[in-house]
Amino acid sequence: MSDTTDAGTGTTTTDDAAAGGTTSSAPSRRSLLGWGGAGLALGAAAAGGAVAAVRGDGSDAVPAADSGAAVPFYGAHQAGIATAVQDRLHFAAFDVTTKDRAELIQLLKDWTAAAARMTAGQTVGEGAYGGLGEAPPDDTGEALGLKPSRLTLTIGFGPSLFAKGRFGLEGKRPEALVDIPKFPGDNLDPARSDGDLCVQACADDPQVAVHAIRNLARIGMGKTAIRWSQLGFGKTSSTTPDAQTPRNMMGFKDGTRNVSGTDAAALDKHVWVGDKDGSPWMAGGSYLVARRIRMHIETWDRTSLSEQEDIFGRDKGEGAPVGKAKERDEPFLKAMKPDAHVRLAHPDSNSGATILRRGYSFTDGTDGLGRLEAGLFFLAYQRDVRKGFLPVQRSLAGHDALNEYIQHVSSAIFAVPPGIRDKDDWWGRALFS
């Protein structure tokens, strides 16, 4: 939508913004063959596709159009945050069903090993065929022959994972991992909200993204279960400001002033958790807010162009703010209506609150009345939710003219740990140390 930080709309406006021991899982082909970690070191040109010069932390990024490339899995920050936004999304939230801490740790190690292989364009474990005929193959096989497609896999830990009496993590819950309140107008579905874990799979090929989540879910069978998931297409914001600004399902440019994936200073200030922010295990990580925002498409499509532009505070064609000529011209907020989306979401209206957005459009068929089940799957990363999403969403929920045309129907927050350093590291290692 517009720009930068639109927390609440799921839409951004153009100027808005921001170890313990381990146990083996039940006997399987993987355990029989010693799959859980052997031979997983990845060279610069791993089988299945050469690794291109795209850093997981967003620096030295190659053009987003290079859809055949592989994004390095290892780095100071998890890939999939500042990385140039891919075209497709498969997001899944998981409930942890095991009560055994060691089993959970082993699962995270197995997931890390599988993620390292899949992001390099390799199959999971021993592959999809050619192994023991008496056992299921390690890989489901639907991505065979496909390029890495810039696949990134990003994991997060939800507040419920830190509940007392579960895994001994209650003392490690970060203060910034707050419970998201219900805002005015929210109609949240508990079955599509929250979760112990989340995995965000982004790729330029939808089959590659779906394959990744499918394999992780299968590896986790008996220890985790998918709570809810969301497919997304058509990125609605970009971390590459030199590229054309994408449009949301309402036809407006979205994310004009999103945080750039190559702006190290802005990332350090607004996205990455610092060493002095508390919770040492989160240093180099970030906090993710995920919101499913239903758009009342049919009502919007019958709204006049002038009213649509007043609601956003930008023109629909160029994306220029009110009274300006170009999309990236500095907006004059007072020239916009008091309830204009851009005006309410802009950092200047929210004490500088800035978030990094990676949202996607979605269409999930129609409802019982023949209306499109469509909208925005809003994903926002920030250094501290209390200084990012929450103040912006409070402003939008109370006054945004766009609220007549949208409704937030699911919500979740996750602590996203720092990146994986090398092949001996694993998702959550510092948390469980």
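The values are calculated or read from the model by the stated rules, or taken from the named source; none is laboratory data. Computed from a prediction, not measured in an experiment: that's the story for all the values here. Don't worry about glycine lacking a Cβ; one is built from the backbone with ideal geometry, like all the others, and counts go over all protein chains shown. Heavy atoms of the whole protein, side chains included, go into the accessibility calculation; ligands, DNA and RNA do not. Shrake-Rupley method; radii C 1.70, N 1.55, O 1.52, S 1.80 Å.
Each residue in the range 205-224 was checked for being out of contact with any strand residue (DSSP E or B) (no Cβ under 9 Å at 6 or more places or on another chain) and assigned to a strand (DSSP E or B), and 1 of them qualify. Annotation note: Cβ proximity below 6 Å between a residue of the range 415-433 that is within 16 Å of Ala116 (Cα to Cα) and a residue that is polar (S, T, N, Q) and in a loop (DSSP other than H, G, I, E, B) (sequence gap 6+ or interchain) occurs for Gly419/Gln78. Of all residues assigned to the range 190-200, at least one qualifies as being surrounded by fewer than 19 Cβ atoms within 10 Å (Cβ to Cβ), more than 18 Å from the chain's Cα centre (by Cα) and farther than 17 Å from Asp110 by Cα.
Matching residues to (1) modelled with pLDDT of 95 or more; (2) assigned to a loop (DSSP other than H, G, I, E, B); (3) among the aromatic types (Phe, Trp, Tyr); (4) open to solvent by 30 Å² or more (accessible area, probe 1.4 Å):
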site	(1), (2), (3), (4)
Ile226	yes, no, no, yes
Thr240	no, yes, no, no
Gln244	no, yes, no, yes
Gly255	no, yes, no, no
Ala290	yes, no, no, no
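Tell me which residues, restricted to the range 102-130, are more than 27 Å from Val289 (Cβ to Cβ) and not in a loop (DSSP other than H, G, I, E, B). Break it down into steps so the answer makes sense when it comes.
Step one: list which residues in the range 102-130 are more than 27 Å from Val289 (Cβ to Cβ), which gives 102-103, 106, 109-110, 113, 117, 120-130.
Passing the criteria: Ala102, Glu103, Gln106, Lys109, Asp110, Ala113, Arg117.
Could you pull out the residue among Met249, Met295, Met282 that is open to solvent by 50 Å² or more (accessible area, probe 1.4 Å) and at pLDDT 95 or above?
Values: Met295 fails: open to solvent by 50 Å² or more (accessible area, probe 1.4 Å); Met282 fails: open to solvent by 50 Å² or more (accessible area, probe 1.4 Å).
Every option except Met249 fails the conditions.
Within the range 158-204, the set of residues being touching a Phe, Trp or Tyr at 6+ places or on another chain (Cβ under 6 Å), of a type outside the set (Lys, Arg) and not in a loop (DSSP other than H, G, I, E, B) comprises Glu170, Leu197, Cys198, Gln200. The residue of the range 93-127 that is modelled with the lowest pLDDT, among those that are surrounded by fewer than 17 Cβ atoms within 10 Å (Cβ to Cβ) and of a type in the set (Gly, Ala, Ser), is Gly127.
Evaluate the following for Gly365: is it surrounded by fewer than 24 Cβ atoms within 10 Å (Cβ to Cβ), out of contact with any helix residue (DSSP H, G or I) (no Cβ under 9 Å at 6 or more places or on another chain) and on the phi > 0 side of the Ramachandran plot? Criteria met by Gly365. Remark: Leu151 matches the filter, which requires a residue to be within 21 Å of the chain's Cα centre (by Cα), buried (at least 23 other Cβ atoms within 10 Å of the Cβ), of a type outside the set (Asp, Glu) and closer than 27 Å to Thr83 by Cα.
Given the residues Asp277, Asp310, which is the only one that is on the phi < 0 side of the Ramachandran plot, open to solvent by 50 Å² or more (accessible area, probe 1.4 Å) and assigned to a helix (DSSP H, G or I)? Please lay out each step first, then the result.
Details: Asp277 fails: assigned to a helix (DSSP H, G or I).
After applying the criteria, what remains is Asp310.
How about the range 328-339: which of its residues are closer than 18 Å to Thr245 by Cβ and crowded, with 20+ Cβ neighbours inside 10 Å? Full working, then the answer.
In the first step, residues of the range 328-339 are kept if they are closer than 18 Å to Thr245 by Cβ; the result is 328-331.
Selection gives Pro331 alone.
Checking the structure you have, find out if any residue of the range 315-325 is under 21 Å from Glu404 (Cβ atoms), within 28 Å of the chain's Cα centre (by Cα) and among the β-branched types (Val, Ile, Thr). No: zero hits.
Restricting attention to the range 368-387, and to residues there that are open to solvent by less than 10 Å² (accessible area, probe 1.4 Å) and touching a Ser or Thr at 6+ places or on another chain (Cβ under 7 Å), which single residue is farthest from Gly158 (Cα to Cα)?
If we filter the range 368-387 for residues that are open to solvent by less than 10 Å² (accessible area, probe 1.4 Å), which is where we start, we get 374-382, 385.
After this cut, where a residue has to be touching a Ser or Thr at 6+ places or on another chain (Cβ under 7 Å) as well, the list is 374, 376, 381-382.
On the way: Ala374: 26, Leu376: 21, Tyr381: 14, Gln382: 15 Å.
Here the answer is Ala374.
Out of the residues in the range 64-83 that are aliphatic (A, V, I, L, M) and at pLDDT below 95, state the one that is farthest from Arg247 (Cα to Cα). Once the filter is applied, the top-ranked residue is Ala69.
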